[in-house]
Amino acid sequence: MTGVRVLVGTRKGAFVLTSDGKREKWDISGPHFAGWEIYHFKGSPADPDRLYVSQSTGWFGQQIQRSDDAGRNWQSVGNEFSYDGVPGTHQWYDGTPHPWEFARVWHLEPSLHDPDTVYAGVEDAALFRSVDGGQSWREMSGLRNHDTGSSWAPGAGGMCLHTILLDPVNEGRMFAAISAAGAFRSDDSGETWRPITKGLRSETMPDPAAEVGHCVHRIAMHPERPDVLFMQKHWDVMRSDDAGANWYEISGDLPTDFGFPISVHAHEPETVYVVPITSDSLHFPPDGRLRVYRSRTGGNEWEPLTAGLPQDNCYVNVLRDAMDVDSLDSCGVYFGTTGGQVYASADSGETWSAVVRDLPSVLSVEVQTLP
Amino acid sequence: MIRVELPAHLRTLAGVSGEVALDLPADGPAPVTLGEALDALEASYPVLRGTIRDHGTGRRRAFVRFFACQEDLSHEAPDYPLPEPVRSGREPLLVIGAIAGG
């Protein structure tokens, strides 16, 4: 029966939320890998039973878990992420050179076609690939070795490669985003990369229009129109119509254009969702009201979606990897909060309800639409 | 035989419920060292590679400690000979997750 499986990563374990196509009643399992930080938990588009988990702690480092049977059984696979060659340095917070040091995997992006191929975005920012189901990892060093790499500097959360988008139409094209280096594109399957930041402005930089240094929080695309990209930057919601070559602002009438996640409706490429957050020093919704904003015009004109969401005394955040959509006929939208709630809407955001309210702080939400 | 006591998260990863026993000689040509014990531990339980010592450098992870016989061995070099009670199996080598964080 058609249904959805929502894969939730939290600060203290992973949870799986499962429902049928109505998305009214939910089965909740977890915590899996209890006590570990689950930065990301994602299924293969090529095989929904193949799941990958990034599991880490400050004590015992990184683990990658893989399931071949939709989460019934797990195995630890490879956890060695060694930078290619002599890693060199990037810029530290104080402006001094700092050696590249692996900290954790922020994001796992399984191949669109091969369940055994998966990409990993890590801190300190680099891109790795496994072609054996996560058993071994090799850095795609063309990104980190870009001419600008030594000038990249971490954002407050560390220098993380947090977004990997695989273009389903243009073979070999992929996108990556790094806080706080910016956005990059490869047209040769990750061998070489170039910054795609023209049109971005970050007033906190000496040169607001510099090629690198922008704190990009998240990029999203609709799979049927991959040349159109939507970006939530530290400040500003941006759009590109030419695969990142040029960007323009679409913040429009948002109450604030700071935020972390951004998602695109499964069936309407011009319908975009963001969660406005007050500011970079106030990581909670404006006025204590949790509102998802939706644009049905590809940006600039936004409407608040509030039905079922707390409209007073709400001071949670929604992190960059913590929102996703399903692809059922009536598109479902899901997001998790730092307060441990996972909210779901089965009607494109018109109404919301909490699937679960008291999980650990949510780091990531990914949705599988099941056949 | 050398006995190793792991923290809970590493016991779960390794799939063990109690102490781990390593087949290392109590009286070889030279006393078994801290590094040799950790090598043997990782050889028996490959899933622990990278969790106690960093890949590549082999350095102890910052929030992991080694105790034995009421002594802190955390800062000892890999060639540090384990105390006799550990080598003979009368006392365990303790791998500890440091008190840090929440």
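Readers should treat all values here as calculations from the given coordinates under stated rules, not as data from a laboratory. Treat the numbers as computed from the prediction; the structure is a model and nothing was measured. Here the Cβ is made from the backbone with ideal geometry for all residues, glycine too, and neighbour counts use every protein chain on show.
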Of the residues B:14, B:8, only one is crowded, with 18+ Cβ neighbours inside 10 Å, more than 25 Å from residue A:84 (Cα to Cα), within 14 Å of chain A (Cβ to nearest Cβ) and among the aliphatic types (A, V, I, L, M); which? B:14
Scan the range B:87-102 and tell me whether some residue there is charged (D, E, K, R), within 14 Å of chain A (Cβ to nearest Cβ) and either free of Cβ contacts under 8 Å to residues at least 24 places away in the same chain or farther than 25 Å from residue A:79 by Cα (or both). no
Is at least one residue of the range A:14-26 surrounded by 17 or more Cβ atoms within 10 Å (Cβ to Cβ), out of contact with any Phe, Trp or Tyr (no Cβ under 8 Å at 6 or more places or on another chain), within 14 Å of chain B (Cβ to nearest Cβ) and part of a strand (DSSP E or B)? no
Any chance the range B:76-83 includes a residue that's closer than 26 Å to residue A:102 by Cβ, touching a residue at least 24 places away in the same chain (Cβ under 8 Å) and either facing chain A (nearest Cβ under 10 Å) or buried (at least 16 other Cβ atoms within 10 Å of the Cβ) (or both)? yes
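Does residue A:119 count as in contact with a Pro (Cβ under 9 Å, 6 or more places away or on another chain), closer than 27 Å to residue A:57 by Cβ and part of a strand (DSSP E or B)?
yes
Can you name every residue in the range A:329-371 that is in a strand (DSSP E or B) and closer than 17 Å to residue A:31 by Cβ? Show your work before the answer.
First, the residues of the range A:329-371 that are in a strand (DSSP E or B): A:333-336, A:342-345, A:353-356, A:362-370.
If the condition is that a residue be in a strand (DSSP E or B) and closer than 17 Å to residue A:31 by Cβ, then A:336, A:342, A:355, A:356, A:362, A:363, A:364, A:365, A:366 are the ones that fit.
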Wholly enclosed strands (runs of 3 or more DSSP E) of the range A:72-114 bearing at least 2 residues more than 25 Å from residue B:58 (Cα to Cα) and touching a residue at least 24 places away in the same chain (Cβ under 8 Å): A:104-110
Across the range A:146-166, which residue is surrounded by the most Cβ atoms within 10 Å (Cβ to Cβ) among those that are of a type outside the set (A, V, I, L, M, F, W, C) and free of Cβ contacts under 8 Å to residues at least 60 places away in the same chain? A:146
Count - residues of the range A:136-157 that are assigned to a loop (DSSP other than H, G, I, E, B) and either of a type outside the set (A, V, I, L, M) or more than 20 Å from the chain's Cα centre (by Cα) (or both): 12
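Evaluate the following for residue A:35: is it over 21 Å from the mean Cα position of the chain (by Cα) and within 14 Å of chain B (Cβ to nearest Cβ)? Before the answer, list the steps.
Values: over 21 Å from the mean Cα position of the chain (by Cα): yes; within 14 Å of chain B (Cβ to nearest Cβ): yes.
It is true that residue A:35 is over 21 Å from the mean Cα position of the chain (by Cα) and within 14 Å of chain B (Cβ to nearest Cβ).
Just wondering, is there one or more residues in the range A:79-88 that are within 14 Å of chain B (Cβ to nearest Cβ) and in contact with a Leu (Cβ under 9 Å, 6 or more places away or on another chain)? Break it down stepwise before answering.
Residues of the range A:79-88 within 14 Å of chain B (Cβ to nearest Cβ): A:79-87.
Within this subset, residues satisfying the condition of being in contact with a Leu (Cβ under 9 Å, 6 or more places away or on another chain) are none.
Scanning the range A:79-88, I find no residue that is within 14 Å of chain B (Cβ to nearest Cβ) and in contact with a Leu (Cβ under 9 Å, 6 or more places away or on another chain), so the answer is no.
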